[in-house]
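Accompanying notes for the structure given below.
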Amino acid sequence: MHAGGWLVVALVLAVAGPAVAAEPNLEVQLQPRKFGVEDVAQLTVRVNEPPDNLGVPELGTLTNLEVVAGPSTGSEFTFVNGVASRAQTFTFVLRGLEPGPASVGSITVTASDIKLRAEPVTAEVVAGSIAPPARNRGRWPFGDPFADLMPRRAPPRVELVLRHVFSTRRVVVGEPLVATVFLDSTVAAIDRFNWQTAPSYPGFWAQRVDSPDQVTPDVVEVEGTRYYRYPVLHSVLVPLKAGQLEIPAVSAAVGVRSWSVFDSGQMVERSTPAETVEVAERPAAPAGFAGAVGDLRYRASIEPAVIDFGESAVLTITLEGRGNLPLVEAPPLWPACQGCETYPPEETNQVTIDEKGIHGERSWQTTVVPEGWGELELAPVDLAVFDPSSGRYRSQTIGPLTLTVGPPPVTPTPVSTPAPAVDSTADAGPADGVGRSSLPSWLLLAAALAAGLLVGGGLTWAVTRRRRMPLPPRRADQSPAERARELQLTLERWWLDARNTSRGAALEDEMQALRRDLETVRFAPGRADHSHTVVDLEGRLRRLLRRA
């Protein structure tokens, strides 16, 4: 048998005595045994009479060789002189790394509790290519269609590198950065990518960025090698503590597309080393700091700027720009006016997290109910943002803001009818000259009593009109939280007058309980469905107003 002949290896744990045809055995063939670094060789592992649950062969240590494709599998069945036989084959394509000796270590195949083992196989790798050119036998109109089933020249060498790249390695606590896992490949034939150890970021707030359905690689050059760069995963990180924060290594199995239609390709494992990010502590924060770090700015507004007495306005503070927006708390200081009631803030946000970082805006709104009228000034406050580029806090003054409140309705005044003129000489007094009134005293008393009733009735009407205000109509598209807000504003306006009366003061406990329940609906987490609850609260408010 020539140097590339078959090697027959019996079972490692075979029983004593002559082998029989029904016993499984292992054969290994490497063709050719001598080839160039520009050529490839074919390693075939053949299992005769394969047992059930046959596993894929495990190649021993590869010396000066690498697998570029395989294994591809095949089955054989023969029937000779009444004797049937079966075989299972596994074919690998190997390439030499450099001129010199090469070998494949001991190959094993396992099936259940049976293990087959073959001796190592040696080869020689030479420079260049010594594979004969493909021959066209001319028996087909376009040449031999089977001539290229086993290419003799090696496919392009595939280099795969997994990289963990960070937008910066030096940040302060709260400063966002972007971490990206790239796969660099010298070929664009990547079929599969499976995490073996997925990225994790202890000590960071981390938000994964969704990848597009279709990934188009960029072409980059690293140390003179041209790669196709695939972005595998983008993550936006915000450090939560100071120090040298270690980011664990990541690893993945990458499927490389085969260069042969008869091969399913191969899976290659790649990993990155552990990385570190240096996080510095921020200086002591001023009073108006709510955790904002980055290129961020505050602004404030009040709407509407002109209201009637008893109405309310909404004060809004907005934080916008690039930075750690999701981690910023509500402003610790708010522009405020003397004699104004305010309520816990509500929040809205339009924050975007993508491969460029975090950007957008967050807003907080609070309801302001003035207790007086006129032009009210909401005093300015100082809010602070930490600017990583300068390493200092940047203070920003919000306000002053002006709110104009119209006066309450004018109280109606009674209209008095002037008394008819009388002739001063018609009823002359006594001769002593002392004058007497021309109207009887009872008429004057009645007129004074009527005037008092009109004035008192007018005042009572004015107060009752404000205290027993009607409930605002419900809109068809109104949410329970919005309806609760309207009902609470009605309750607050009524209480401005009712609290000054003995009858209203007696209802304070009931008013406070209703206020708490309305706030619960307004600020419920996730805005749960409180449709039935708000109907009940509306009935409670209506009964409370009637009792006052």
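None of the figures in this text is laboratory data; all of them are computed from the coordinates on show. All of these numbers come straight from a predicted model, not from anything done at the bench. Here Cβ is always computed from backbone atoms with ideal geometry, including for glycine, and neighbour counts include all displayed protein chains.
The modelled label-to-label distance between Val161 and Glu58, using points 7 Å beyond Cα along the C-beta direction, is 3.2 nm. Which of rounded, prolate, oblate describes the range 289-405, given a ≥ b ≥ c as roots of the alpha-carbon gyration tensor eigenvalues and a/c under 1.5 marking rounded, otherwise prolate only if a/b is larger than b/c? It comes out prolate by the Cα gyration axes.
One chain, two ends: Ala274 and Asp354. Fully extended at 0.36 nm per residue, the span grows by 26.4 nm beyond their Cα-Cα distance. If the chain linking Arg169 and Thr342 were pulled fully straight, counting 0.36 nm for each residue of separation and taking away their Cα-Cα distance, it would gain 57.9 nm.
Any number yet on Rg/Rh for the range 470-547, C-alpha, Kirkwood?
Values: Rg = 12.6 Å, Rh = 12.8 Å.
When Rh is taken as the Kirkwood radius, the ratio is 0.98.
Subtracting the Cα-Cα distance of Ala330 and Glu375 from 0.36 nm times their residue separation leaves 13.5 nm of extension gain. Remark: spin-label model distance Ala448-Glu510 equals 4.0 nm, labels positioned 7 Å along the Cα→Cβ axis.
Going by how many other Cβ atoms sit within 10 Å of their own, how do Phe309, Phe35, Phe182 line up, fewest first? Please list the in-between numbers first.
Numbers: Phe309 17, Phe35 25, Phe182 20.
By the 10 Å Cβ count, ascending: Phe309, Phe182, Phe35.
Put in line by how crowded their Cβ is, counting other Cβ atoms within 10 Å and starting with the fewest, Met511, Met267 read Met267, Met511. Neighbours of Val254 by Cβ distance under 10 Å: Lys/Arg scored +1, Asp/Glu scored -1, total 0. Extending 7 Å from Cα along the Cβ direction at Thr402 and again at Arg299 yields two label points whose distance is 2.0 nm.
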